[in-house]
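*Asks:* Supplied in structure tokens, the structure appears directly below.
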Amino acid sequence: MLVSLVLLLLGALAAVVAPRLVPRADWSEREPIVALWVWQCVVAAVLLSFALSMTFSAAAAWQLVRGQVFAPAPQGVVDAYALGTNGPWAGVLAVVLACGGLWSAAMLTHEIRTARAQRRRRRRDLQVRAPLLPGESAGGDRLVVLEGERPHAWWLPGAAPQLVITTAALRRLKGRQLDAVLAHEQGHARARHDWLLHCSAALANGFPQVPVFAAFRDEMHRLVELAADDVASKRFGRLTIALALVELNEERGVFGPCPPPDAHLPQRVNRLLSAAPRLTPVRRLRLTAAAALVPVVPLLVAFVPALRALG
């Protein structure tokens, strides 16, 4: 059952090496959308490697599973995988990987339920603080203005997404800066960045010792903001969205000498103001295609014995 072990080692190697290699790419900040795609492909390859390893281990351990997996395959293909020459470790490995898959599904379900509960709670709070006026109906693009002393703006996702902004933010944002903030938050909503954040958080919380999942969560939080910044800058200019970010967050201390360790706002503003050139369309296409091939590697490993048996 060499294929199962190779797939397991391939997934483990990718889980350890990818967090060290991908963040070093000098183009990730210039092309955050491509970087998001690369990270998703890497994580998909890791998960696919473990899933295929579980499948082949289960097929080696139990005849019932083997009959289902190799039902349409010729006998020569089944013999090529040497499924009957394994010890009890095959069943143990299959059970361990299956438990990991179930735990991932449970953590994702928990993350989604928690997010929905938080959204419901925040919507109830909005209904109390900003009730609908007589004759006003709740719309999908409704802008909600709240009384507040701190400048703040955020997008509340859901079936009827809403942009919430405080009166302090309205006083600070000048000219088209408010439109730029709106475009930034709409970029999050249209790209469904909330789902990326939920999935990455579920994997990182479920398997905190796996480096690729922790890096995936951290990079998703950073890259989705960069991607939304680009959406706003294309419509209103880099300087407009950079000034809007400064106005909204200046009082939080993130631009001071001792910013919080997780504050990426100074880097975001510097990136917008430096206006580094984007990659050429050809290079973006090459990176996208190369990333799409990463999940194909475990599939090729899994089918090599079958392809050899078929000649």
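The values are calculated or read from the model by the stated rules, or taken from the named source; none is laboratory data. Note that the structure is a prediction, hence the values are computed from the model and not measured. Neighbour counts run over all protein chains shown; Cβ positions are idealised from the backbone, glycine included. Accessible surface areas use protein heavy atoms only, side chains included; no ligands, DNA or RNA. Shrake-Rupley method; radii C 1.70, N 1.55, O 1.52, S 1.80 Å.
*Asks:* Among P277, P298, which is the only one that is assigned to a loop (DSSP other than H, G, I, E, B) and either modelled with pLDDT of 90 or more or open to solvent by 80 Å² or more (accessible area, probe 1.4 Å) (or both)?
*Replies:* Working: P298 fails: assigned to a loop (DSSP other than H, G, I, E, B).
None of the others qualify; the one that does is P277.
*Asks:* Out of all the residues in region 209-218, is one or more under 18 Å from the mean Cα position of the chain (by Cα), free of Cβ contacts under 8 Å to residues at least 60 places away in the same chain and open to solvent by less than 60 Å² (accessible area, probe 1.4 Å)?
*Replies:* no
*Asks:* So, one more: Return the total of residues in region 149-186 being without any contact (Cβ under 8 Å) to a residue 24 or more places away in the chain, open to solvent by 20 Å² or more (accessible area, probe 1.4 Å) and under 21 Å from R121 (Cα atoms).
*Replies:* Applying the first criterion (without any contact (Cβ under 8 Å) to a residue 24 or more places away in the chain) to region 149-186 yields 149, 159-160, 163, 165-168, 171.
Still in the running and open to solvent by 20 Å² or more (accessible area, probe 1.4 Å): 149, 159-160, 167, 171.
The next check asks that each one be under 21 Å from R121 (Cα atoms); those that pass are 159-160.
Of the residues in that region, 2 qualify.
*Asks:* For residues that are surrounded by fewer than 17 Cβ atoms within 10 Å (Cβ to Cβ) and in a helix (DSSP H, G or I), tally how many sit in region 187-197.
*Replies:* First pass over region 187-197, keeping only residues surrounded by fewer than 17 Cβ atoms within 10 Å (Cβ to Cβ): 190-192, 195.
Pick out the ones that are also in a helix (DSSP H, G or I) and you get 190, 195.
Within region 187-197, residues that are surrounded by fewer than 17 Cβ atoms within 10 Å (Cβ to Cβ) and in a helix (DSSP H, G or I) number 2.
*Asks:* Quick one: would you say A59 is more than 30 Å from L226 (Cα to Cα), open to solvent by 20 Å² or more (accessible area, probe 1.4 Å) and touching a residue at least 12 places away in the same chain (Cβ under 8 Å)?
*Replies:* The answer is no for A59.
*Asks:* Additional query: All but one of (1) assigned to a helix (DSSP H, G or I); (2) surrounded by fewer than 21 Cβ atoms within 10 Å (Cβ to Cβ); (3) not aromatic (F, W, Y) hold for S200; state the number of the condition that does not hold.
*Replies:* The failed condition is (2).
*Asks:* Something else about it: Looking only at region 236-265, count every residue that is closer than 17 Å to W154 by Cβ, among the charged types (D, E, K, R) and modelled with pLDDT of 85 or more and tell me the total.
*Replies:* Count: 1.
*Asks:* Which condition number does P151 fail, the rest of (1) within 22 Å of S233 (Cβ to Cβ); (2) assigned to a loop (DSSP other than H, G, I, E, B); (3) at pLDDT below 85 being met?
*Replies:* (3)
*Asks:* In region 62-82, what count of residues is obtained for those that are under 14 Å from L5 (Cα atoms) and either open to solvent by 20 Å² or more (accessible area, probe 1.4 Å) or among the β-branched types (V, I, T) (or both)? Give the derivation first.
*Replies:* Kept after step one, since they are under 14 Å from L5 (Cα atoms), are these residues of region 62-82: 81-82.
Retained after the next criterion (residues that are either open to solvent by 20 Å² or more (accessible area, probe 1.4 Å) or among the β-branched types (V, I, T) (or both)): 82.
Of the residues in region 62-82, 1 are under 14 Å from L5 (Cα atoms) and either open to solvent by 20 Å² or more (accessible area, probe 1.4 Å) or among the β-branched types (V, I, T) (or both).
*Asks:* Taking region 86-128 on its own, how many of its residues are assigned to a loop (DSSP other than H, G, I, E, B) and open to solvent by 60 Å² or more (accessible area, probe 1.4 Å)? Explain how you work it out, then say what you get.
*Replies:* Step one: of region 86-128, the residues assigned to a loop (DSSP other than H, G, I, E, B) are 86-88.
Okay, now just the ones that are also open to solvent by 60 Å² or more (accessible area, probe 1.4 Å), so 88.
So the answer is 1.
*Asks:* Still on this structure, please answer the following. Answer yes or no as to whether A82 is at positive phi and either out of contact with any Asp or Glu (no Cβ under 7 Å at 6 or more places or on another chain) or part of a loop (DSSP other than H, G, I, E, B) (or both).
*Replies:* yes
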